[in-house]
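Below is one structure, written out as structure tokens, with a few remarks after it.
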Amino acid sequence: MRYLLAIGGVTIAINVDSNADARTIAPLGGPISRFVVAGEAPVDIDVRVRLMESAERSAQSAVVFDSGSLWRMYADGRIEFRSSFSGDEPYKIARVS
């Protein structure tokens, strides 16, 4: 699934892998629905969303920023989100290039 958002003159493409449930991991309801645009506009930011198994995680690299709360950023561009409810495993990971 692919959809476009236009926010403040910036167009963001959200691409969800076909094996993931897009309604769960990238929902279009609520306030975000105001920013959904139709068509194939030029894209400023390309976001790819996929579910991954914990075994797919790369080896730990150095922490470059610790928010002191829910997230940490690592030298390899990975941002991991943890809470007391998710235990040792992150409940969400973002990779930034």
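The values are calculated or read from the model by the stated rules, or taken from the named source; none is laboratory data. Everything numeric here is computed off the predicted structure, so don't read it as measured data. Every residue, glycine among them, receives a Cβ derived from its backbone with ideal geometry; neighbour counts consider all protein chains shown. Surface areas here come from the heavy atoms of the whole protein model, side chains and all, with no ligands, DNA or RNA. Shrake-Rupley method; radii C 1.70, N 1.55, O 1.52, S 1.80 Å.
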query = Measuring from a point 7 Å past the Cα of ASN15 along Cα-to-C-beta, which residues in segment 74-97 have an amide N at less than 16 Å?
reply = 95-97
key: Accessible area, probe 1.4 Å, largest first, for residues PHE85, PHE65, PHE35   = PHE85, PHE65, PHE35
Computed accessible area, ILE32, all protein chains, 1.4 angstrom probe, square angstrom = 60
request  = Please give the peptides 67-77, 87-97 ranked by average Cβ packing (other Cβ atoms within 10 Å per residue), highest first, as a rough proxy for protection.
outcome  = 67-77, 87-97
Within-10-Å neighbourhood charge of ASN15 [Cβ basis; K, R +1; D, E -1] = +1
ask   = Using a basic spin-label model with each label point 7 Å from the Cα along Cα→Cβ, how many nm lie between MET73 and VAL47?
value = 1.7
